[in-house]
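In what follows, a structure is listed as structure tokens, so that the remarks can point back to it.
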Amino acid sequence: MSVLRALGRILLVVVAGGFLAQALIVFAPGYSADERELDPGLSAETRQTMLQEKAKDRQLLGNYGRFLSGLARGELGTSRSLGRPVKELLEDRLPVTLLAIAKSVTLGWCLGFTLAVICFAYPGSPIETLGLVSTNLLLCLPAALMALLLLIWGDARGSAGVWVVALALTPRIFRYSYNLLRQSHESPHVLLAMAKGLGPIRILFHHVIPPIAGQLIALVGLSVSLGLSAAIPAEVVLDIPGIGQLAWQAALSRDLPLLVNLTFVVALIGTTANALSDYLLAETVPGQ
Amino acid sequence: MSLILIPFLLAAAATPAELSASKILTGGELRFVLPSEPKTLHPLQVSDESGELIRYLTSGSLVRLNRVSQKIEPELAESWKLGDNGAQITFQLRKGLKYSDGSPFDSADVVFTIQKLLDKTMVSPAAESFRPETGTVEVKALGATTVVVKFPSHVAGVERLFSGLSILSSRSPKKEAVGLGPFVIAESKAGSFLRMTRNSNYWKKDSNGRQLPYLDGIRVEFQRNRDIELLRFQKGELDLVSNLEPEAFEKLKTNPAVTSLDLGTSLDATQLWFNQVPTAPIGAYKKEWFGSQAFRLAISESINRKDMARVVYHGFGVPAAGSISPSNIFWYANELKAQEFQPKAALARLQKEGFRLDGEQLKDKGGNLVEFTIVTNTGNKVRERLAAMIQADLRQMGIKVTVAALDFPSLIERIMRTFNYEACLLGVVNTDLDPSSQMNFWLSSGSSHAWNPNQKTPVTSWEADIDKWMRLQSKEIDPKKRKAAFDKVQVIAALQSPIIYLINKRTLGAASPRVKNLKPAILPPHMVWNIEEIYFAEGAGKVAK
Amino acid sequence: MGLTPLLSLYLTAEYPGKGTVLNGVSLDVQAGEILGLVGQSGSGKSTLALSILRLLHFKGGSDSGSILFRETDLMKASEKDMRKLRGKDISLVMQSPLASLNPSMTVGNQLLEAWRAHSKLDGTQVIMETLRQVSLSVDVAFLNRYPTQLSVGLAQRVLIAMAVLHKPALLLADEPTSALDALTQAEILELFARLNRENATAMLYVSHDLLSVASLCHRIAILHEGRIVEQGEPKDIFENPQHEYTRKLVNAVPTLRFKSRELIPA
Amino acid sequence: MKLRRIIACLLIGLAVLLLGARWVAPHGYEQQFRDFIAASPTKEFPLGTDALGRDRLARLLYGSRLSLLLAPAAAAVSVFLAALIGGLAAFAGKRWERAILLATDLTLSLPWLFLILTIRGAMPLDVQPEISVLITFLVLGLLGWAGPARVVRAGVKKIIASDFVFQANAMGTPPRRIFFHYILPNVRPLLFAQFWISLPVFILSEANLGAMGLSVSEPMPSWGNLLRELESQTSALEHPLQNWWLLAPIVLLVGVVSLLQVWQQRPKGSL
């Protein structure tokens, strides 16, 4: 039953998201414009056709209805700027991004959470300061700059995208989990655990972390969404043929069919990740 | 000519005939990067630069523009003849040529291609010039090797239309996937790369009878980020970079491991114009300024183009005189000169028009502060810097300029639809030498008549004059007379300055020293237009992947 | 008293930003004795308990002086040695029973954990016995409960069970009854008295409630403004308070006699 | 604490420096010295000049002013919204929770770029840079709540399950009081975490929105576009030590954010 409800919620978000996205795109300035118009060689007739085609898109509800019914039949439409079926584009690019995000979220957690635990274990020490400053540095570097640095120093072209996203996630994961750890550490039962004579490792894994597991899990779900949004600049800068790059191209050329589909995908991934984390939250944390 | 080609280039551009055959090595894969993925690979439908390049490398056309001499040369057609007062052209085709899949080439293919192009359902930039406003184009084959194309009326410089037209196969089952070009597409990964291999049926041979092209293949990757492209080029992962920004070029020049190539002044110009659309949603007094010749000239005189060339272009740009770059050897009007920087003259001119300096601010005769906004597109560093320099120059004149960088579609909507802008700074890319391709821009009724498009009748007498001379040049057959007419247009445009031309940048590129026989040119595809003759120096057979 | 005390301390403690909380507090606890430490809220009673366990840094405080436990100075003990001591020789019962239990662990597991912290032997037997001793049910269903499913009284008993699992020589009880209702409070006090009798556990019983202290403790120390102002047997303290602050405390319990008769265990 | 005092002095010193940029910086941020293009530091230009010959020190000082004022404000707005909405989701019952989670998921997946373009379209082209940058940060702040709201919700749920809220409930404390006095103060560490994360992110996003025409435009500098400028300085990045002055914006930003953080962190125990 709760699974059905979760599915219903995902569906609702996706459908509503698609519609809102369509409205946002169609009514944004520049929608009716086309780069080709600048070409003096373009004939008046072609110009007229282009205009009419885009003017039709303003009938939001009808268009969206048609789009949804097409979707129900498994047709995603054709990208206007690339002239290829959206389905094909997604099949090409979705796996690239998903795999990269899975890797970066894992990597980001390994780095961020480990760093948080280390800083937590040595409060007030230079290590803690170093952790804070280094994560600040990561936050302050623009994605493009980070990508360039990785290329200059790391020569890691293949995995640079994964690293950029992971390093964008690391400071967020670090800071949240670091604060949660500190907060949890202040609760009386941790003091009592110490008074029991337990070792620090046991206290960390059995008394400090479990009570905040729920919040950490919520953060895992969120980091998938964050990873997805960090992937867009990373893919654009590094020219990784994933959906981030595709989304950027689509946005620049106001490619409505492609953009609406991409909103679907993003909503689907984000909501599913969050629904999963909600489910885990309910499962693993007693009493919640 | 001496302006355009730098001597050291000529040394690199030795023709194969001058080299002994043994020195030329076959093989190797040429690698470079394009800023975007081609939107389509259909040769008749390509509309973007990347698609155009792939089309050029994989297909053949009846004639070809020699990018260095800027003359039309025979290609699939051995020869051609104009007739019927320039309304008809007859091509004599080469015999025995084969498409990449082995299917034969003859006049049927040419007829097929042109008919396909004329098909109304074909959305094709290439087709636009084949669709005259009145009447239709007719094409027929006279035997296997002769094709006649008949236009309803005279078309100026008609042969150049065919230099960009890829001839499709009418018989091959693989349709437009086969071509007559030096390479065929072997593999492509969407958004990532495209690999081409040599067309073993390519018809050209070098002077020693060796089959061209020399290269085994080409690998084109799609990468927008120029900084990364440069980094990879310097690491030796790429063989060529073209369209370099001056700043990057200057850095590469100091690198002994690469050959930097200054190909000469490009046909492209950066320009500024004021909105003169009568219905534009801007203040009436501003419309009056923008419609005033004196105001426009004064602005033009207040801009220090030499500083722009030196600061923004690091010396790799020249002040522009008009829409036609001095590199356009035939069409450039020699009497034109770039506007000098004359702030004093500009001020005097403005004062004559009733403008006056009030303290540090300029006011018009109605007492309005002289200030306006320049829109430009985002993401172009050079253009944003130019805007900042104009801002600084005009501040000296007491004019306050605001710069608004907009994303491209929003910008187009403003300058082509809503006309909700005051001035626009934009770069214009020219790929065609012939002014006939600019009709839509010069005619007052044209939709690309930037400052005031789609006029029913010319608003000003000078626009009427331009209309007259442009129509005349398009009807004329004698090139000299056409040139004389177009010179008039250029002079009027300079005098009235509806468009303030700023800088023609130089076309810059760089190549790995192992790439031989480059004949880089200012016309696209700058570095690889003679791709079939390019080869690698020793060791090229083993290319690291 | 001629015997060497089990615990003998001399302490000064402070928190950054708050200043000195304990200012040369001197206390002795004899083996088997229940010493009551009474003072206002915020007078540093909890600080004292944490200091003895060398856990004051946990709350950000720092301390100095000496804590002689069985004639060893805990101030000089290593963290490793302290860990061996905590929960085994000196254990702690805190004031908010529900918060002091780990919400994400079952009661049984927390007990087991407390046992395993100091013993490699099978603890089931001891745990069952201890649970019985603190009058808790020993069935599996109870052991599988999470702290959120317990009442405050039950939780306090679990805490006490955990604290006495290893039959410590000294039990630090930090306001163990302040969160409890009157009835439960009485039961817990009785439990402490019994544990003291049966196990001979010495206790430092910290409270602001003079009444409960009087009913349980052998000796009372009054803490005021970071110092011990008076020490003595309950009778002396009540009948003949020396220090002005003690007098105030005693006078603040007007219905003492009436209530104490009800509360003092038989 | 001594450390806090030192940090406070540093920050105040910086604020004075920034406010007095007009007197500190030897030149105006827009003044072009066209004979000194991309120059290395000299006495005249302590941090060198940029591609148009403008004094980098002046640009850094003027650019820091706006960003340092507005980015924290935007971060505060987004954190405040996240606290309110996330708290409400956990607190106000199942129906609200579902509605809010739905809104959160929607917000996280919509292409807001187009809203930003629409806002730009609605503003006059020659809008004052101060106003456009204010709007930019406001938009950023208003759109930034969704992610953290989820984390806050999880935190609040945990707090709601805690004793003292239970006790407060048992004492008949009105829900509104519980929300503002019991729950919000206790998610503070989470909110601070969010604040410190979003601060530099907002500064960087400002540059991205500037590229959409929604922020400061030439010749005005901002931290965001100073940082973005670095992206094309490949050779400087390859040899950062030889080109230290180019890295000044990053150093300053990281420094300021870190100092503020350390200053804000109260010593343990006094919480």
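The figures follow:
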read-out: Residue check for D:L61: under 19 Å from D:S222 (Cα atoms), in contact (Cβ under 8 Å) with a residue 12 or more places away in the chain, out of contact with any Cys (no Cβ under 8 Å at 6 or more places or on another chain) and not in a helix (DSSP H, G or I); value: no
read-out: The range B:286-317, residues that are open to solvent by 30 Å² or more (accessible area, probe 1.4 Å) and either within 16 Å of B:E371 (Cα to Cα) or among the charged types (D, E, K, R) (or both); value: B:K287, B:E288, B:G291, B:K306, B:R310
read-out: Selection count where residues are small (G, A, S), over 20 Å from C:F69 (Cβ atoms) and not in a strand (DSSP E or B), scope the range C:184-227; value: 6
read-out: Members of the range B:131-144 that are more than 15 Å from B:Q115 (Cα to Cα) and either surrounded by 18 or more Cβ atoms within 10 Å (Cβ to Cβ) or charged (D, E, K, R) (or both); value: B:E133
read-out: Members of the range B:66-92 found to be open to solvent by 40 Å² or more (accessible area, probe 1.4 Å), part of a strand (DSSP E or B) and not polar (S, T, N, Q), listed by number; value: B:K71, B:I72, B:E73, B:P74, B:E78, B:W80, B:K81, B:L82
read-out: Unique match (being at pLDDT below 85, of a type in the set (D, E, K, R) and open to solvent by less than 40 Å² (accessible area, probe 1.4 Å)) among D:E238, D:E231; value: D:E231
read-out: Residue within the range C:140-147 that is among the hydroxyl-bearing types (S, T, Y) and open to solvent by less than 50 Å² (accessible area, probe 1.4 Å) present; value: no
read-out: Residues of the range D:95-145 satisfying the condition of being aromatic (F, W, Y), part of a helix (DSSP H, G or I) and open to solvent by less than 50 Å² (accessible area, probe 1.4 Å); value: D:F114, D:F137
read-out: Spans of strands (runs of 3 or more DSSP E) in the range B:174-244 with at least 3 residues modelled with pLDDT of 90 or more and within 14 Å of chain A (Cβ to nearest Cβ); value: none
read-out: Criterion violated by C:L136 - all others in (1) within 22 Å of the chain's Cα centre (by Cα); (2) more than 14 Å from chain D (Cβ to nearest Cβ); (3) in a loop (DSSP other than H, G, I, E, B); (4) closer than 20 Å to C:L170 by Cβ satisfied; value: (4)
read-out: Listing of helices (runs of 4 or more DSSP H) fully contained in the range D:161-271 that carry 1 or more residues being touching a Ser or Thr at 6+ places or on another chain (Cβ under 6 Å); value: D:188-211, D:223-229
read-out: Helices (runs of 4 or more DSSP H) wholly inside the range A:129-218 containing at least 1 residues that are open to solvent by less than 10 Å² (accessible area, probe 1.4 Å) and under 30 Å from C:N102 (Cα atoms); value: A:160-185, A:188-195
read-out: Residue pairs meeting the criteria (Cβ under 9 Å; at least 6 apart or on separate chains; first free of Cβ contacts under 8 Å to residues at least 24 places away in the same chain, in the range B:182-205; second of a type in the set (F, W, Y) and open to solvent by 60 Å² or more (accessible area, probe 1.4 Å)); value: none
read-out: Only one of C:L210, C:L249, C:L216 that is modelled with pLDDT of 85 or more, under 26 Å from C:A13 (Cβ atoms), surrounded by 14 or more Cβ atoms within 10 Å (Cβ to Cβ) and in contact with a helix residue (DSSP H, G or I) (Cβ under 8 Å, 6 or more places away or on another chain); value: C:L216
read-out: Residue under evaluation B:L425, criteria (1) at the interface with another protein chain (Cβ under 10 Å from one of its Cβ atoms); (2) within 29 Å of B:Q391 (Cα to Cα), criterion not met; value: (1)
read-out: Among residues of the range A:67-113, those that are part of a helix (DSSP H, G or I) and either open to solvent by less than 70 Å² (accessible area, probe 1.4 Å) or of a type in the set (D, E) (or both), counted; value: 26
read-out: Subset of the range D:169-190 [surrounded by fewer than 24 Cβ atoms within 10 Å (Cβ to Cβ) and either closer than 21 Å to D:L117 by Cβ or within 13 Å of chain A (Cβ to nearest Cβ) (or both)]; value: D:P185, D:N186, D:R188, D:P189
read-out: Members of the range C:47-87 found to be hydroxyl-bearing (S, T, Y) and either open to solvent by 70 Å² or more (accessible area, probe 1.4 Å) or part of a helix (DSSP H, G or I) (or both), listed by number; value: C:T47, C:S51, C:T72
read-out: When residues of the range B:322-335 are limited to those that are of a type in the set (A, V, I, L, M, F, W, C) and under 17 Å from the mean Cα position of the chain (by Cα), the one modelled with the lowest pLDDT; value: B:I329
read-out: Close pairs (7 angstrom Cβ cut-off, 6 or more residues apart or separate chains): closer than 13 Å to D:R59 by Cα in the range D:16-35, among the polar types (S, T, N, Q) and open to solvent by less than 30 Å² (accessible area, probe 1.4 Å) anywhere; value: D:L18/D:S64
read-out: Criterion (in a helix (DSSP H, G or I), surrounded by fewer than 17 Cβ atoms within 10 Å (Cβ to Cβ) and not hydroxyl-bearing (S, T, Y)) met by exactly one of A:A116, A:A55; value: A:A55
read-out: Test: residue in the range B:376-383 that is away from chain A (no Cβ under 14 Å) and either in a loop (DSSP other than H, G, I, E, B) or hydrophobic (A, V, I, L, M, F, W, C) (or both); value: yes
read-out: Residues of the range B:409-435 satisfying the condition of being part of a helix (DSSP H, G or I) and surrounded by fewer than 20 Cβ atoms within 10 Å (Cβ to Cβ); value: B:M416, B:R417, B:T418
read-out: Scan of the range B:93-108 for residues that are over 15 Å from B:V63 (Cα atoms) and assigned to a helix (DSSP H, G or I), ordered by number; value: B:A108
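The values are calculated or read from the model by the stated rules, or taken from the named source; none is laboratory data. Bear in mind the structure is a predicted one, so any value in this text is a computation, not a measurement. Cβ atoms come from the backbone with ideal geometry, glycine included; neighbour counts cover every protein chain shown. Ligands, DNA and RNA are excluded from the accessible area calculation, which covers all protein heavy atoms including side chains. Shrake-Rupley method; radii C 1.70, N 1.55, O 1.52, S 1.80 Å.
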